[in-house]
Amino acid sequence: MGLLQVTVEDQTELTAHAARLHLQVEGETLVFGNAATEKAREVRELTGQLLALGIRADDITVPSVRLNNATGLLGKNQKAEFTVMVRVRPGELPAVLGVVAGQKNARLSGLDWQFDDFEASIALAAQAMQKARRKAEVIAEAAGLRVTGLHRASDSWELPASPVTFAAADMSDPTLLRARTAPLHVGVEYRAMQTLRTHVTAEFTVE
């Protein structure tokens, strides 16, 4: 009995199931955490419009706030800049971007597409293993042997990140924002695709 090692690489295309928007909102009141969605007027107005679109409350978070002054010292009536994260489905993007464009104190700084890469990697790894078995059987037959079992196997997979960032200058004018991110319904889908790759190494027993 001997061992035959083979490697197989495979890939598939994934379509993003959601997007996470990074928003910067300038406010007149310093409030920390998600309480800003209720107590900071500018964040509250933005949140209210997003909820009216059907965005879920737990898909809107305020992970950080920055003092909006030169000294960084906390004072009365302190202005602040809130980072607001909003998770949306691709079909909701036109309306959500339209809301952001209409907020004079808000700007879009970035967008992360989200993919269900783990579940897809399971199916892709199984497909790659089938190819590895077939490859091993062909090689073994060419050598006058036959595959009798699997000794060991390993796999790895990768999905490159594809964040979209926007310069602050591009977001300062609602007209430029509309031109840059097309927040209106323009007759096309808002979606992103990414290539998921897997690498399988398998050792088969042969005799």
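The values are calculated or read from the model by the stated rules, or taken from the named source; none is laboratory data. Please read all numbers here as calculations on a predicted model, not as lab measurements. No Cβ is skipped: glycine too gets one built from the backbone with ideal geometry, and neighbour counts run over all protein chains shown. In case anyone asks, the SASA skips ligands and DNA or RNA and just uses the protein heavy atoms, side chains included. Shrake-Rupley method; radii C 1.70, N 1.55, O 1.52, S 1.80 Å.
What the table below lists for this structure:
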quantity: Exclusive hit being assigned to a loop (DSSP other than H, G, I, E, B), under 25 Å from E26 (Cα atoms) and modelled with pLDDT under 95, set G110, G72, G98; calculated: G72
quantity: Residues (small (G, A, S), in contact with a strand residue (DSSP E or B) (Cβ under 6 Å, 6 or more places away or on another chain) and surrounded by fewer than 20 Cβ atoms within 10 Å (Cβ to Cβ)) located in the range 96-112; calculated: S109, G110
quantity: Filter result (hydrophobic (A, V, I, L, M, F, W, C), touching a helix residue (DSSP H, G or I) at 6+ places or on another chain (Cβ under 6 Å) and modelled with pLDDT of 95 or more) within the range 118-164; calculated: V147
quantity: Near pairs, Cβ below 8 angstrom, 6+ apart or cross-chain, from the range 109-121 (free of Cβ contacts under 8 Å to residues at least 40 places away in the same chain) to any residue that is among the charged types (D, E, K, R) and surrounded by 14 or more Cβ atoms within 10 Å (Cβ to Cβ); calculated: none
quantity: Residue that is modelled with the highest pLDDT, among those in the range 75-95 that are open to solvent by 50 Å² or more (accessible area, probe 1.4 Å) and not small (G, A, S); calculated: R87
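The rows are residues; the columns are (1) among the acidic types (D, E); (2) at pLDDT below 85; (3) closer than 30 Å to F115 by Cα.
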{"residue": "E9", "(1), (2), (3)": "yes, no, yes"}
{"residue": "T12", "(1), (2), (3)": "no, no, yes"}
{"residue": "T15", "(1), (2), (3)": "no, no, yes"}
{"residue": "A18", "(1), (2), (3)": "no, no, yes"}
{"residue": "H22", "(1), (2), (3)": "no, no, yes"}
{"residue": "G27", "(1), (2), (3)": "no, yes, no"}
{"residue": "L30", "(1), (2), (3)": "no, yes, no"}
{"residue": "N34", "(1), (2), (3)": "no, yes, yes"}
{"residue": "R44", "(1), (2), (3)": "no, no, yes"}
